[in-house]
Amino acid sequence: MAFIRADAGWQLSPAFDVNPEPEPAVERHTAINGVVSAEVEAEALLEFASLCHLTKPTAVTLLNEVVSAVEGWRSQAVERGIRQAEITEMGTVIDAQLARLGEVIRLGR
């Protein structure tokens, strides 16, 4: 859990400890709804939503906001001076997960 200092005081950070794994076959140490495989993480997020008291439409909206925020990651990485080798290394995995999230959003599973 992480916090951000705002004008009104401390608030919960919207993201914390987000570290993509460049190897898609590596099992995750932190499971999402029991899932440790990157291939089904997106579906697991949507299934987990009900445990967070979110309706499916609300969860889909939130996932869409995440995808929209992350889609321009490559240009942001370049602007911040990230080396092309690192962008390439992480790009395949990030783009694959964005595509999976996009499919879950479209299907509203």
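A short reminder: the numbers here are calculations on the coordinates, not readings from a lab. Note that the coordinates shown come from a computational prediction; the quantities given were computed from them, not determined experimentally. Note that we place each Cβ from the backbone using ideal geometry, even for glycine, and neighbour counts take in every protein chain shown.
Results, tabulated for the structure shown:
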{"item": "Protection proxy ranking, peptides 25-31, 73-79, average beta carbon neighbours within 10 Å, highest first", "result": "73-79, 25-31"}
{"item": "Value of Rg/Rh across region 1-95 [Cα atoms, Kirkwood radius]", "result": "1.00"}
{"item": "Extension gain from Glu71 to Ala99, taking 0.36 nm per residue of separation minus the Cα-Cα distance", "result": "9.1 nm"}
{"item": "Cα pair distances of region 69-109 binned at 10 Å [whole percent]", "result": "28, 47, 20, 6"}
{"item": "Formal net charge of residues neighbouring Thr88 (Cβ-Cβ distance under 12 Å; K, R +1; D, E -1)", "result": "-1"}
